Amino acid sequence: IKEFLLPKKGWRRALDYIVHRLKRLPDTPHNISVGLAMGVFSSFTPFFGFHLVVAGVLAYLFKANIVAALLGTFFGNPITWPFIASFSVNLGQILMGRKVSNFETFLEQFIGAGEAFWQGVKAIFGYGTSDWDFVLLFLNELLLPYFVGGFFLGGLISLLSYFIFRPIIYAYQTARRKKKTKKFRKLNSAEKSLKQSL
């Protein structure tokens with residue numbers, strides 16, 4: 001668990017990698033920002049293990065940068081997930097007019113549903129008895145509110161992320177183009193000077 005939450009190489013290295021990859025994407029600031037927004041949005045869905053797939057499909061549908069969308073899913077990581085999950089579930093419960101549960105209850109039910117699901121799968125193969133009622137209760141009581149709350153909260157955060165990332169990416173690409181142009185001009189003038197001297 002410690003290695004999962006605090007990797008030996010640190011989160012800084014992962015963040016540096018994401019920034020490096022974003023800098024190298026050959027696309028418009030709009031497409032990259034929409035892709036990132038789709039990745040952020042997918043982090044708010046309860047489709048655990050499929051966030052990359054969801055982000056990729058959304059980026060494809062919105063004609064956004066798919067690599068940026070995949071990188072955007074890093075918004076949902078072991079550090080941010082407890083906040084994403086608890087806020088999404090609570091918002092969903094409020095919107096659906098249900099009793100708001102605290103994070104400890106949510107976590108216990110989540111672990112319990114995982115165990116019940118695994119027990120149900122084993123029961124299919126003749127190992128023990130299943131408790132699908134608990135899984136169905138979990139789907140109705142927590143996963144459905146998670147989906148509803150995550151849809152609205154993810155929509156809001158991804159929209160904000162678009163407007164934050166777009167000017168930053170535009171400024172970076174403009175500065176990079178200017179730097180390349182300046183370097184090209186220097187090389188050109190050096191080449192002309194060399195030809196004249198010969």
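Taking 7 Å steps out from each Cα toward its Cβ at Leu156 and Asn140 produces label points 2.8 nm apart.
Packing-based ranking of 22-31, 141-150 yields 141-150, 22-31, ordered from highest to lowest mean Cβ neighbour count within 10 Å. A 1.4 Å probe run over the protein chains yields, for the range 24-135, 56 Å² of accessible area per residue, whole-number rounding.
Taking each residue as 0.36 nm, the span from Leu187 to Ile164 lengthens on full extension beyond its C-alpha to C-alpha distance by 4.7 nm. So how tilted is helix 144-197 from the main axis of the chain? Cα-based, degrees 0 to 90, rounded to 10. For helix 144-197, the angle is close to 20 degrees. The convex hull defined by the C-alpha atoms of the range 54-129 has an orientation-averaged projected area of 7.9 nm².
Look at the alpha carbon pairs under 8 Å that are at least 6 residues apart: their mean separation over the length of the chain gives a relative contact order of 26 percent. For the chain, the orientation-averaged shadow of the C-alpha convex hull comes to 16.6 nm² (one quarter of the hull surface). Largest mean-square fluctuation among Gln109, Gln93, Gln119, in a Gaussian network model of the chain whose springs join Cα atoms under 10 Å apart, belongs to Gln119. Directionally averaged projected area (the range 99-156, Cα convex hull): 4.6 nm². I want to make sure I understand the PRE zone here: with the label point 7 angstrom from the Cα of Arg24 toward its beta carbon, which residues in the range 57-77 have backbone N atoms less than 20 Å away? Residues 65-75 fall inside that zone. Model label points for Arg98 and Lys179, set 7 angstrom from Cα along the Cα-to-Cβ axis, are 5.0 nm apart.
The values are calculated or read from the model by the stated rules, or taken from the named source; none is laboratory data. Quick caveat: nothing in here was measured; it's all calculated off a predicted structure. Counting neighbours? That spans all protein chains shown, and the Cβs are built from the backbone with ideal geometry, glycine included. Surface accessibility is based on the protein's heavy atoms, side chains included, excluding ligands, DNA and RNA. Shrake-Rupley method; radii C 1.70, N 1.55, O 1.52, S 1.80 Å.
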